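Contents: one structure, followed by commentary.
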Amino acid sequence: MVVNLISNARISGVTLPKKVKGQFWLFSREIDSKGAIINEIELEDQGLYRAIVDGEQAFVFAHHLSDDRQIFHKYYVKNIIDISIGRTKDNDIIYDNKYVSSDHAKLSFYENNWVLSDNNSTNGTFVNDERISTVQLNPGDMI
């Protein structure tokens, strides 16, 4: 399972090992007077959970690691091109995920540079764990 902590400006993630049996749990730091954890939640695939981190609202997003989420694509282009990214079938790159907007982002190739632009998506677009609106991409950047 992959667990991501998403705040307004950053995203951080961790890949948990495959479980042999049982579940993964999210625990609150809140402890009652007897030392018991007040809030515990079993993480579900595609689960989105509210959190407070350093006094600010954040979210935890959990999803199973599957072969279709580990596919990397290589594109060769020589001309100016725009590649649409989103949830619906009219996009060039489609992510069937309820947290991806229907018209989420756009990759543009112009003057030998790739630029990624967020299309005012609900959940934002991140490059190297930083939320972006528009950014020129560099080799090795993680979207």
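The values are calculated or read from the model by the stated rules, or taken from the named source; none is laboratory data. Because the structure is predicted, anything quoted here is derived from the model rather than measured. Note that we place each Cβ from the backbone using ideal geometry, even for glycine, and neighbour counts take in every protein chain shown. With ligands, DNA and RNA removed, areas are computed over all heavy atoms of the protein, side chains included. Shrake-Rupley method; radii C 1.70, N 1.55, O 1.52, S 1.80 Å.
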Assuming Ile71 fulfils every condition listed in (1) modelled with pLDDT of 75 or more; (2) β-branched (Val, Ile, Thr); (3) under 17 Å from the mean Cα position of the chain (by Cα) apart from one, which condition is it?
-> (1)
Write out, first by first residue and then by second, each pair whose Cβ atoms fall under 9 Å of each other, whose residues are 6+ apart or on separate chains, and whose first residue, in segment 76-89, is over 12 Å from Leu107 (Cβ atoms) while the second is in a loop (DSSP other than H, G, I, E, B) and β-branched (Val, Ile, Thr).
-> Arg87/Val100
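Please determine, by comparing only the residues of segment 116-138 that are in a loop (DSSP other than H, G, I, E, B) and under 18 Å from Asp82 (Cα atoms), which one is nearest to the chain's Cα centre (by Cα). Steps first, answer last, please.
First, pick out the residues of segment 116-138 that are in a loop (DSSP other than H, G, I, E, B): 119-124, 128-129, 133, 137-138.
So of that shortlist, the ones also under 18 Å from Asp82 (Cα atoms) come out as 119-121, 133, 137-138.
On the way: Asn119: 15, Asn120: 15, Ser121: 12, Ser133: 15, Leu137: 17, Asn138: 19 Å.
The qualifying residue nearest to the chain's Cα centre (by Cα) is Ser121.
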For segment 92-115, the count of residues that are within 24 Å of Leu5 (Cα to Cα) and either hydroxyl-bearing (Ser, Thr, Tyr) or not in a strand (DSSP E or B) (or both) equals 10
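Can you find, within segment 74-103, the residue that is surrounded by the most Cβ atoms within 10 Å (Cβ to Cβ) among those that are modelled with pLDDT of 80 or more and β-branched (Val, Ile, Thr)? Steps first, please.
Within segment 74-103, the subset modelled with pLDDT of 80 or more is 79-103.
Those left that are additionally β-branched (Val, Ile, Thr): 80-81, 83, 85, 88, 93-94, 100.
Numbers: Ile80: 9, Ile81: 13, Ile83: 16, Ile85: 23, Thr88: 13, Ile93: 14, Ile94: 14, Val100: 21.
Residue satisfying both the conditions and the ranking: Ile85.
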Residue under evaluation Glu130, criteria (1) over 21 Å from Ala58 (Cβ atoms); (2) open to solvent by less than 90 Å² (accessible area, probe 1.4 Å); (3) not hydroxyl-bearing (Ser, Thr, Tyr), criterion not met = (1)
Hey, can you tell me all the residues within segment 81-91 that are polar (S, T, N, Q) and in a strand (DSSP E or B)?
-> Ser84
